[in-house]
1. Give me the Debye-computed log₁₀ of I(q)/I(0) at q = 0.09 Å⁻¹ for the chain, equal point scatterers on Cα only, no solvent, two decimals.
2. For residue 167 and residue 338, calculate 0.36 nm times their separation in residues minus their Cα-Cα distance, and state this gained length in nm to one decimal.
3. Which helices count as membrane-span-like in the chain under these terms: full DSSP H, at least 18 Å along the axis by C-alpha, Kyte-Doolittle mean of 0.0 or more?
4. Of all the Cα-Cα pairs you can form in the range 146-220, what percent are over 15 Å apart?
5. With point charges of +1 on the Cβ of Lys and Arg and -1 on the Cβ of Asp and Glu, referenced to the Cα centre of the chain, which listed residue (181, 111, 100) lies farthest in the positive direction of the dipole?
6. Starting from 0 in steps of 5 Å, tell me what percent of the Cα-Cα pairs of the range 183-257 lands in each bin.
7. Can you work out the base-10 log of I(q)/I(0) for the range 71-183 at q = 0.09, 0.11 1/Å, using the Debye formula on its C-alpha atoms alone?
8. So for the chain, if I pair up every lysine 8 or more residues apart or on another chain, how many of those pairs have alpha-carbons under 21 Å apart?
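Bear in mind that the values in this text are calculations on the coordinates, not laboratory data. Owing to the predicted nature of the structure, the values given are computational and were not obtained by experimental measurement. Positions of Cβ are generated from backbone atoms using ideal geometry, with glycine treated the same way; all protein chains shown enter the neighbour counts.
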Amino acid sequence: MGDVTPHFSSTAARFDAASNQLHQPVLVERCLELLEPSVSRPSQGARSVVIDCTLGLGGHTEAILKAFPAVTVIGIDRDAEAISLASRRLAGFGQRFIGIHTTYDDVDRVAARYGEESGRVDAVLMDLGVSSMQLDVAERGFSYSHDAPLDMRMDQASGKSAAELLASAPEAEIARILREYGEEKFASRIAHAIVEARASQPLQTTSQLVELVRQSIPAPARRTGGNPAKRTFQALRIAVNNELAILQHGVPRAVESVRIGGRVVIESYQSLEDKIVKRAFRKGIESSSPPGLPVELESHKPYLRDLTHGAYLADAEEIARNSRAASVRLRAVERTRETPEHQFDPDSYRGASHE
C-alpha cells in the first residue's frame, strides 16, 4: 500500500481528454444524497474524509469533491492505469484528492492512515465490478466484443492472466470457476472444450475463447440472453482478480473503518457481489439477541442502520442515461454504535485497536 505518483501511459494519453465521457458514474446523485449527512459537519469545523474504494476513472470521486467542498477523498484502485488517469482528471482539486494503489480490502489500513484522530473516516463508497476503462480499452482483454490478448488482470503488474489460468488449471477447476462465478449452466462442456483445445494450442485471445464458448453451448441456448460468452468472461475476471475473496474481507473492514454516524455505500452489479454485501450488512442491521428472550439485550442491539431498506435500483431514466445501471443494486448503512465485542472480528479492522 502507498501513495502513487501519477504516471502517464499510452492509455492515459489517449483517454485523458475524454475521461468524463468514458466514465458515467452510476446513481451518482443517489450516492451523494446518502453520503451527505455523514460528510456535512459544519458545526465541528472539521474536514471530512471519504474513501472511494473503487476509484476507476474518478467519476464518483469528482462528484463528491464538487458537491462537498470540505471533503477530502482517498481513492483506492488496484489498477495503476486508473490511478494515473484519475489523478490527472482530479488534479484541480489539489490535496483534497489522494490516490492509493492497493486493493480495497486494505480499506481499514487506509482509514487508519488518513482518518481523523480515531483512525476512522466519515464514509466509504464502493462501486464494484469492472470499470469503464477496463471494458472500453480493448487490449485489456475484459470484453468479449473486441479481439485482444486474454488478460483480464486489473493490476497488470501481478498475478496470472486469464490465458495463463486456462492453460494450467485442471478441467474440474475451470468448470468450478465457470459454474460458481459465472453461474454458467454449461460449465463442464466449456471446461472440457478448453482442455481439449489447449492440448494443441492454448487459448491466447478473447476471440478464440468467445468462439470456443459459442461452439460448446447448444444452439437453442445461444439464441437468448445476449452473447453466450458473457458468463464465462465474468467468471474468469472474478477468478483472475480474486474479486469475491477481496470483497468478503473488504465489506466488514469498510464498516469498521467509519466513525459512529459514518456511512458505507456499495453498488453491486451481479448477484454474487450483492449477496456478500447483503450478508455483511445484515450482521449489523439485525439484533444478535438469542431468539425467545422477552427483552432485547442492550449489548446485542444492531450497530448499523439500513438506509436503503434492501437494494435500491436504478429507474428507467437512469438506465436510459447509462446502460450499465441496468443491473445495479445499491445498499447503504449508517454506523450507529461500536460493534459489540461478541460480534467483532479482529480481521475486520487491522488499522487500529478496537475499543
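1. -0.53
2. Values: separation 171, 0.36 × 171 = 61.56 nm, distance 4.73 nm.
Contour length minus Cα-Cα distance gives 56.8 nm.
3. Details: long enough: 243-257 (20 Å, 0.21); 271-285 (20 Å, -0.49).
In the chain, the long hydrophobic H runs are 243-257.
4. Numbers: 1535 of 2775 pairs.
Beyond 15 Å sits 55 percent of the P(r) for the range 146-220.
5. 181
6. Here the calculated profile for the range 183-257 is 3, 14, 21, 20, 14, 10, 7, 6, 4, 1, 0.
7. The Debye formula, applied to the Cα set alone, gives -0.34, -0.49.
8. 7
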